[in-house]
Structure formats: structure tokens, C-alpha cells
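K.L.:
This structure is in C-alpha cells; I'll ask about it shortly.
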Amino acid sequence: MEKHILGLNLPTDPRWVNIAEKNIHDILIDHAYCEQKAASSCISLIIQYPEMEKMVETLTPIVAEEWGHFERVMDELKKRGMPFGMPRKDEYVDQLQKLIKKGGNREDQLVERLLMNALIEARSCERFRLLWKEIGDADLSKFYYELMVSEAGHYKTFLSLAREYKHPDWVENRWRELLKEEAEIVSKLEVRADRMH
């Protein structure tokens with residue numbers, strides 16, 4: 001699950017995983033909300049594009065899977081006697097949302113959102129990989145390995161769906177644009193102890 005396989009242009013700052021491990025309670029809380037938002041995002045796409053049969057069929061099981069991840073993160077908090085907390089502002093996703101091109105037809109808007117989801121899944125997967133490889137807690141390391149594999153599958157699924165609704169060459173060019181812009185965003189964000197992204 002190397003950086004180039006995920007397609008990301010900029011790897012996560014290596015300091016992040018050390019800071020994250022020291023603040024694992026905050027990371028788990030933020031992670032739980034990320035999984036909740038991932039499930040909500042898929043539900044939103046299904047509700048807004050019910051006529052896109054292939055997408056609806058593909059995303060329906062992912063909703064259940066993301067919600068299952070949310071439950072698993074909640075279990076990890078409970079096992080450690082850590083309370084759940086309030087959601088934090090997700091500066092990373094807020095910045096990414098600004099990259100979505102407005103206008104065009106329904107397919108254009110759908111493809112923009114599918115690519116955005118692919119980007120978030122790719123970055124999440126990369127962060128899970130760091131936690132799996134670097135974290136000292138053996139149980140959490142195994143947990144993040146399992147989630148890394150799952151998120152990598154989701155990232156590929158969103159890209160594949162985008163190619164269903166737009167010419168693959170167009171999707172590839174737009175994807176490269178977004179990867180460059182995502183790298184810019186990541187390079188300027190503060191390395192935070194309480195954020196998954």
C-alpha cells in the first residue's frame with residue numbers, strides 16, 4: 001500500500017504518526033466521526049442520484065461497511081475506557097470541498113463527488129498504513145491494518161465508478177489535477193495531534 005499505489009502526490013509528514021500515537025484518544029474520536037461522515041456521504045449520493053443504478057448498487061454495501069467501521073472505532077474507545085467526544089472541524093475536507101467544480105450536468109457533478117470521495121479514502125488509507133506500521137499498540141496496529149485494506153478497496157471503487165459516468169481519459173486528467181491540489185492543501189495544513197487528516 002505504498003504512496004504511489006494510492007496515487008497521492010505528497011506523503012504524510014512523518015511527525016504525524018508519532019504525535020497521533022501520543023494523542024490516540026483524540027485520534028480515535030476524530031476517526032469515529034470520519035467513518036460516520038463516510039457512511040453519510042454514500043447515503044447522500046444514493047439519495048441524490050437514485051437513477052444511477054450501478055452506483056446505488058455499488059455504494060449500498062459500502063454504507064454498511066463504513067458504519068461497521070464506526071462501530072469498531074467506538075469499541076476501541078470503550079475497550080480503553082475512553083469517552084466519545086464532540087466532532088472537530090475537518091479543515092482538510094473543508095478545503096477539499098472547495099475544489100469541486102460547480103455546474104455541468106448531473107453526471108459531471110456526480111463524478112466530481114466520486115473523485116472527492118476517492119481522494120479522502122486514499123488519504124485515510126495512507127494514514128491507516130502509518131498507524132499500522134508505526135504504532136506500538138499491537139491491537140490497534142492490527143485494527144488499522146484491516147481498515148487500511150478496506151479503505152484501499154473503497155478508493156478504487158470510487159475511481160472505477162467515476163469512469164462509469166465520464167470518459168476514463170477525462171477522469172484520469174481530473175484525478176491528476178485533484179491530486180496536485182490535495183498535495184498543496186496537505187502541505188499547508190498544520191500537523192495536528194487530534195485529527196485523522
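K.L.:
From the set of residues in the range 178-197 that are buried (at least 16 other Cβ atoms within 10 Å of the Cβ) and among the basic types (Lys, Arg), which is nearest to the chain's Cα centre (by Cα)?
P.N.:
Arg195
K.L.:
Considering only the range 161-177, state which residues are without any contact (Cβ under 8 Å) to a residue 60 or more places away in the chain and surrounded by 15 or more Cβ atoms within 10 Å (Cβ to Cβ). Steps first, please.
P.N.:
Our first condition is that a residue be without any contact (Cβ under 8 Å) to a residue 60 or more places away in the chain; within the range 161-177, this holds for 162-163, 166-170, 172-173, 176-177.
Within the range 161-177, Ala162, Arg163, Lys166 qualify.
K.L.:
Quick one: in the range 133-177, of everything that is in a helix (DSSP H, G or I) and basic (Lys, Arg), which residue is nearest to the chain's Cα centre (by Cα)?
P.N.:
Filtering the range 133-177 down to residues in a helix (DSSP H, G or I) leaves 133-134, 138-165, 168-177.
Among the residues that remain, those that are also basic (Lys, Arg) are: 133, 142, 156, 163, 174, 176.
On the way: Lys133: 18, Lys142: 19, Lys156: 12, Arg163: 19, Arg174: 18, Arg176: 17 Å.
By that ranking, first place goes to Lys156.
K.L.:
Here's a follow-up. Please work out which residue is farthest from Arg123 (Cα to Cα), limiting yourself to the range 49-58 and to residues that are assigned to a helix (DSSP H, G or I) and touching a residue at least 60 places away in the same chain (Cβ under 8 Å). Full working, then the answer.
P.N.:
In the first step, residues of the range 49-58 are kept if they are assigned to a helix (DSSP H, G or I); the result is 53-58.
Pick out the ones that are also touching a residue at least 60 places away in the same chain (Cβ under 8 Å) and you get 54-55, 58.
Details: Lys54: 25, Met55: 22, Thr58: 21 Å.
Top of the filtered list is Lys54.
K.L.:
Here is a list of conditions, (1) in a helix (DSSP H, G or I); (2) more than 17 Å from Leu131 (Cα to Cα); (3) touching a residue at least 40 places away in the same chain (Cβ under 8 Å), and Leu77 meets all of them except one; can you say which number that is?
P.N.:
(2)
K.L.:
Moving on to the next point. Which residue is surrounded by the most Cβ atoms within 10 Å (Cβ to Cβ), if the candidates are limited to the range 21-41 and must be closer than 23 Å to Tyr165 by Cβ and in contact (Cβ under 8 Å) with a residue 60 or more places away in the chain? I'd like the intermediate steps shown before the answer.
P.N.:
Going residue by residue through the range 21-41, those that are closer than 23 Å to Tyr165 by Cβ are 37-41.
Keeping just the survivors that are in contact (Cβ under 8 Å) with a residue 60 or more places away in the chain gives 38, 41.
Numbers: Ala38: 23, Ser41: 19.
In this case the residue turns out to be Ala38.
Values in this text are rule-based calculations from the coordinates and carry no lab data. Remember, predicted model here, so these are calculated numbers, not experimental data. As a convention, Cβ positions derive from the backbone with ideal geometry for all residues, glycine included, and neighbour counts pool all protein chains shown.
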